[in-house]
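Visitor: The structure's right below; bear with me while I get my questions together.
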Amino acid sequence: MLHCQAEVLLRSSEPQMNIEALIGSEFSRNIGLLSEREQHQLLLARVAVVGAGGVGGLHILTLARLGVGKFNIADPDTFEAANVSRQFGAANSTYGRNKAEVLAEMVRDINPQAEVTIFTEGVTEQNCDEFLGDAKVLIDGIDFFEFTTRRKLFIAARAKGMHAVTCAPLGFGSTLQIFSPNGMDFDTYFGTNEQQSYERNLAAFAAGLAPNPYHISYLDISKVRMKEKKGPAVAPACTLAASFLTTEVVKIITGSQKVYAVPHYIQVDMYKRKLKKGYLWFGGFNPLQKLKTALIFRKFKQSMKV
């Protein structure tokens, strides 16, 4: 018995997706940058998106406009006023509503033929396999502080032979990390494991996300509240992250371009006009990364005392 019963927003009694009509109408302007064959692949593909807020919501909507036809969306949270600055599903009309439900409606408004399955209690150990299902890609859109759930999902996706992609909005920029089922794994890249404390793992995760932390120079670190699991985030970083991630998802689904998985990474900061395409030798076991993790961990501990 599943702890969270998935709700399917496209019933089997409804007509099958009319792919040719969609390519000729709704998604016709994609053609020329995507071939008709690639658009066909996207319409038939399923993605599993965990988190439907700041980055997750934009990932979902951008992929829907690219013509991805099937979504599994998981988020137990509801929209509130504090979300409106960066979460594109947040508005006065959606406050108090479940984020997965709202984003599912927005997807179906873009493409009424889309198949959307929502998990309004989030992803649990009981429903994880159903959530990943036959998806081509796991898309990480959950909050930075939800490390334990993220780690379990990335491990589960790898076991199912799936790619997993994360793009963190940092300052006015974003990072890009792609995990191939045959490449470096989550724990090796970030230097994390079950034996370490939550705070130590979170520090290692932060260091791996941003090997070049450009945003630190203008971030007011006092506004990062570890106890409340909150930190500053702005809309431009979320939109940039969505551009990064959705482009890579197209490449993964269609096989149209080479995908550079970790230890490759990309980091951009628009505020500082910085771009870095790097290769993190030895991942989280790189001596410099270990030092960064130790420094971030110290900052986290200081924050917890405030």
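The values are calculated or read from the model by the stated rules, or taken from the named source; none is laboratory data. The shown structure was predicted, so the numbers you read here are calculated from the model rather than taken from an experiment. Counting neighbours? That spans all protein chains shown, and the Cβs are built from the backbone with ideal geometry, glycine included. Accessible surface is based on the protein model in full, side chains and every heavy atom, while ligands, DNA and RNA are left aside. Shrake-Rupley method; radii C 1.70, N 1.55, O 1.52, S 1.80 Å.
Visitor: Could you name every one of the strands (runs of 3 or more DSSP E) located completely within the stretch 103-221 that has at least 1 residues being without any contact (Cβ under 8 Å) to a residue 40 or more places away in the chain, open to solvent by less than 30 Å² (accessible area, probe 1.4 Å) and over 23 Å from Ala48 (Cα atoms)?
Guide: Per the criteria, no element qualifies.
Visitor: Quick check on my filter: what residues within the stretch 77-90 are assigned to a loop (DSSP other than H, G, I, E, B) and more than 18 Å from Thr62 (Cβ to Cβ)? Quick ask: steps written out before the conclusion?
Guide: Start the filter on the stretch 77-90 by keeping residues that are assigned to a loop (DSSP other than H, G, I, E, B), which leaves 77, 79-80, 84-90.
Within the stretch 77-90, Asp77, Phe79, Glu80, Val84, Ser85 meet the criteria.
Visitor: Which residue out of Ile73, Ile60 is in a helix (DSSP H, G or I), open to solvent by less than 10 Å² (accessible area, probe 1.4 Å), closer than 17 Å to Ile142 by Cβ and of a type outside the set (S, T, N, Q)?
Guide: Testing whether each residue is in a helix (DSSP H, G or I), open to solvent by less than 10 Å² (accessible area, probe 1.4 Å), closer than 17 Å to Ile142 by Cβ and of a type outside the set (S, T, N, Q) leaves just Ile60.
Visitor: What pairs come up if the first residue lies in the stretch 70-93 and is under 16 Å from Val49 (Cα atoms), the second is assigned to a loop (DSSP other than H, G, I, E, B) and among the polar types (S, T, N, Q), and their beta carbons are under 7 Å apart, counting only those six or more places apart or on different chains?
Guide: Between residues of the stretch 70-93 that are under 16 Å from Val49 (Cα atoms) and residues that are assigned to a loop (DSSP other than H, G, I, E, B) and among the polar types (S, T, N, Q), the close pairs are Pro76/Thr120.
Table: residues versus (1) closer than 17 Å to Leu176 by Cα; (2) open to solvent by 70 Å² or more (accessible area, probe 1.4 Å); (3) in contact with a Gly (Cβ under 7 Å, 6 or more places away or on another chain); (4) at pLDDT 95 or above.
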residue	(1), (2), (3), (4)
Lys230	no, yes, no, no
Leu245	yes, no, no, yes
Gly255	no, no, no, yes
Leu288	no, yes, no, yes
